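Below: one structure, written as structure tokens.
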């Protein structure tokens with residue numbers, strides 16, 4: 001069993017975010033997913049272009065901040081369903097859908113979000129709290145017990161977690177601060 005300290009991987013700069021996203025999206029490449037439900041952030045057009053490059057053709061984007069939504073609309077060129085709502089209002093059981101949930105906040109108060117989405121998701125949390133705390137909260141909220149974990153070095157350093165309910169991939173990168181990604185793949 002891997003310790004939390006061994007699992008912590010911090011990439012040295014923001015350029016690594018694309019590598020991390022490429023790797024995480026590749027985990028879902030064989031699943032024939034065509035739809036994204038997610039949080040695009042202020043650079044929505046870059047986000048949509050990235051998702052399109054991975055084969056996604058339908059987009060349901062959530063934004064609950066009015067100012068960010070106005071900015072997104074001013075930059076949007078692609079056909080996107082943009083909803084000014086909390087992502088918790090999304091249907092978590094849509095077929096052929098990847099849930100890309102870049103929260104940019106810590107996992108401390110995200111229990112409802114951790115519970116809502118069951119499969120085919122990538123959740124990203126701020127690393128302003130420890131990876132151990134985030135993972136403990138995540139698996140406790142989901143009522144899952146980690147049975148085993150394996151640290152892998154390729155293509156990026158990441159940890160595979162095997163629980164009593166499924167398989168997860170976790171990795172960390174550095175943006176403006178450390179970020180933790182958890183993907184449910186099986």
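The values are calculated or read from the model by the stated rules, or taken from the named source; none is laboratory data. None of the values given here were measured: they were computed from a predicted structure. Note: ideal-geometry Cβ built from the backbone for every residue, glycine included; neighbour counts use all protein chains shown.
Got a sec? Which helices (runs of 4 or more DSSP H) wholly within the range 1-55 have at least 1 residues that are over 14 Å from the mean Cα position of the chain (by Cα), under 19 Å from residue 125 (Cβ atoms) and modelled with pLDDT under 95?
Working: elements: 4-7, 16-26, 44-53.
Correct list: 4-7, 16-26.
For residue 182, indicate whether it is in a strand (DSSP E or B) and surrounded by fewer than 19 Cβ atoms within 10 Å (Cβ to Cβ). Show your work before the answer.
Values: in a strand (DSSP E or B): yes; surrounded by fewer than 19 Cβ atoms within 10 Å (Cβ to Cβ): no.
No, not satisfied.
I want to confirm something. Restricting to the range 66-87 and keeping residues that are under 19 Å from the mean Cα position of the chain (by Cα) and loosely packed, with under 14 Cβ neighbours inside 10 Å, which single residue is farthest from residue 100 (Cα to Cα)? It would help to see each step written out before you state the result.
Within the range 66-87, the subset under 19 Å from the mean Cα position of the chain (by Cα) is 82-83, 85-87.
Next cut, loosely packed, with under 14 Cβ neighbours inside 10 Å only: 85-86.
Details: 85: 16, 86: 14 Å.
In this case the residue turns out to be 85.
When you check residue 91 against the structure, is it surrounded by fewer than 14 Cβ atoms within 10 Å (Cβ to Cβ) and either modelled with pLDDT under 95 or farther than 24 Å from residue 22 by Cβ (or both), yes or no?
Values: surrounded by fewer than 14 Cβ atoms within 10 Å (Cβ to Cβ): yes; either modelled with pLDDT under 95 or farther than 24 Å from residue 22 by Cβ (or both): yes.
Judged against the criteria, residue 91 is a match.
Considering (1) assigned to a helix (DSSP H, G or I); (2) in contact (Cβ under 8 Å) with a residue 40 or more places away in the chain; (3) closer than 23 Å to residue 94 by Cα, say which one residue 112 fails and leave the rest.
Just one mismatch for residue 112, condition (2).
Give the residues of the range 128-157 that are assigned to a loop (DSSP other than H, G, I, E, B) and within 18 Å of residue 24 (Cα to Cα), sorted by residue number. Walk me through it before giving the result.
So in the range 128-157, the residues assigned to a loop (DSSP other than H, G, I, E, B) come out as 128-130, 142-145, 153-157.
Selection gives 153, 154, 155, 156, 157.
Could you tell me whether any residue of the range 71-82 is closer than 22 Å to residue 18 by Cα and assigned to a helix (DSSP H, G or I)?
Yes.
From 98, 115, which residue is over 12 Å from the mean Cα position of the chain (by Cα) and modelled with pLDDT of 95 or more? Outline the logic, then answer.
Working: 98 fails: over 12 Å from the mean Cα position of the chain (by Cα).
Going through 98, 115 in turn, the sole match is 115.
Looking at this structure, is residue 130 more than 26 Å from residue 41 (Cα to Cα), surrounded by 15 or more Cβ atoms within 10 Å (Cβ to Cβ) and in contact (Cβ under 8 Å) with a residue 24 or more places away in the chain? Before you say what the answer is, go through the steps one by one.
Working: more than 26 Å from residue 41 (Cα to Cα): no; surrounded by 15 or more Cβ atoms within 10 Å (Cβ to Cβ): yes; in contact (Cβ under 8 Å) with a residue 24 or more places away in the chain: yes.
It is false that residue 130 is more than 26 Å from residue 41 (Cα to Cα), surrounded by 15 or more Cβ atoms within 10 Å (Cβ to Cβ) and in contact (Cβ under 8 Å) with a residue 24 or more places away in the chain.
Taking the range 118-127 on its own, how many of its residues are outside any strand (DSSP E or B) and surrounded by fewer than 20 Cβ atoms within 10 Å (Cβ to Cβ)? Outline the logic, then answer.
Here is the first cut: in the range 118-127, the residues outside any strand (DSSP E or B) are 118-120, 127.
Narrowing the set further to residues that are surrounded by fewer than 20 Cβ atoms within 10 Å (Cβ to Cβ) leaves 118-119.
Final tally of qualifying residues: 2.
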